[in-house]
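**Q** Take this structure first; my questions come after.
The values are calculated or read from the model by the stated rules, or taken from the named source; none is laboratory data. In this text the structure is predicted, and so the values were computed from the model without any measurement. Because the Cβ atoms are built from the backbone with ideal geometry, glycine has one as well, and the counts that use them run over all protein chains shown.
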Amino acid sequence: MTLRGTPFVDNCRPLRCRGREISVGSRLSLAFLQHLRTTSSTAGVLIAVGLLAATTPARAQRGPAPTPTNLSPDVLSLACSPSAAIEPPQTALRVTGGQDSFERRIYGPGDLVTINAGRKNAIEVGQEYYVRRLQVDRLAPVTRDTPATIRTSGWIKVYAVDDEWSLVTVTHACDTIEVDDYLEPFKLPVVPTVSQDRPKPERDNYGKVIVGSDRRRAFGKGDYFVINRGTDHGIEVGSKLVLYRDKKMDQNFLYAIGEGIATEVKENVATVMVTQSLSAIESGDYVALRRETEKK
């Protein structure tokens, strides 16, 4: 990390910020911090954060107390669901650390977290971002044949901004927020509308269950996983799918073990939520689309 005269705690060593000695016994009231935040520039907020952190070297600097998102369970579930990638995400925005006097790589609600962008990158107080993590299988290349899983760790809100770095707070955690997680603009998902019709599943367009969050390979009702079918195969958001298992017995049909709906669809891959499960669904099980018949 390049050290310069910023007000972040990492640059205040030893107990000195911008040339000003801070005694270990000194304290900065929360009321004063609030006064700085509402009446001074953003730089004043960051200076106050640095002063507070310098007086408590063995403790993590905490941000504002987390508040409920007031989102429905369906929306929260969709927002935290996994996605798939057939190439590494092209984003430079990353989590780089936090306001601690010791090395720490995992964060959650209530923590102040640092990201590697500021005013020069058009970052502004109040902006929100998803925090995500690319998960690959044994360092395999990310390709169409070996897609990676995108784990949504949660989402954050910009709390204070410097020229090159910013402090953010964790709005909601789906998992731990970790150093080197990447950021994408936040947008609430829309719960898909599902038709009440039950058309027959296609018999000539089987896809396969690939993997879920954290590279999980077994799933039940309410879980999400990725399949190797997408818009190129007629799947769209809200599409119904039937899940099958091949028992590998001669002269036998595939055995239906559940149903699901597509919640996110890309060209060659899609995310599916299990709506019915008669048995554990596993990687390698088959997927068939219930294709709606066109009305004349």
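**Q** Give the residues of the stretch 128-147 that are in contact (Cβ under 8 Å) with a residue 40 or more places away in the chain and more than 14 Å from the chain's Cα centre (by Cα), sorted by residue number. Give the derivation first.
**A** Keep residues of the stretch 128-147 that are in contact (Cβ under 8 Å) with a residue 40 or more places away in the chain, which gives 128-135, 137, 142-144, 147.
Across the stretch 128-147, the qualifying residues are 137, 142, 143, 144, 147.
**Q** Among the listed residues 152, 146, 193, which satisfies the condition of being within 21 Å of residue 272 (Cβ to Cβ) and modelled with pLDDT of 95 or more? Show your work before the answer.
**A** On the way: 146 fails: modelled with pLDDT of 95 or more; 193 fails: modelled with pLDDT of 95 or more.
Result of the check over 152, 146, 193: 152.
**Q** Also, quick follow-up: Could you look through the stretch 190-243, keep only residues that are assigned to a strand (DSSP E or B) and touching a Pro at 6+ places or on another chain (Cβ under 6 Å), and pick out the one that is farthest from residue 254 (Cα to Cα)?
**A** Let us first name the residues in the stretch 190-243 that are assigned to a strand (DSSP E or B), namely 201, 207-211, 218-219, 224-227, 240-243.
The next check asks that each one be touching a Pro at 6+ places or on another chain (Cβ under 6 Å); those that pass are 224, 242.
Numbers: 224: 22, 242: 11 Å.
My answer is 224.
**Q** Taking the stated definitions as given, is residue 260 part of a strand (DSSP E or B) and among the small types (Gly, Ala, Ser)?
**A** Numbers: part of a strand (DSSP E or B): yes; among the small types (Gly, Ala, Ser): yes.
So residue 260 passes the test.
**Q** It is to be established whether one or more residues within the stretch 209-216 are free of Cβ contacts under 8 Å to residues at least 12 places away in the same chain, under 28 Å from residue 285 (Cα atoms) and under 21 Å from the mean Cα position of the chain (by Cα). Let's see the steps before the verdict.
**A** Narrowing the stretch 209-216 to residues free of Cβ contacts under 8 Å to residues at least 12 places away in the same chain: 216.
If we keep only those that are under 28 Å from residue 285 (Cα atoms) too, we end up with 216.
Filter once more, keeping what is under 21 Å from the mean Cα position of the chain (by Cα): 216.
Yes: one or more hits.
**Q** Return yes or no: is residue 203 out of contact with any Phe, Trp or Tyr (no Cβ under 8 Å at 6 or more places or on another chain), over 16 Å from residue 76 (Cα atoms) and of a type in the set (Lys, Arg)?
**A** Values: out of contact with any Phe, Trp or Tyr (no Cβ under 8 Å at 6 or more places or on another chain): yes; over 16 Å from residue 76 (Cα atoms): yes; of a type in the set (Lys, Arg): yes.
So residue 203 passes the test.
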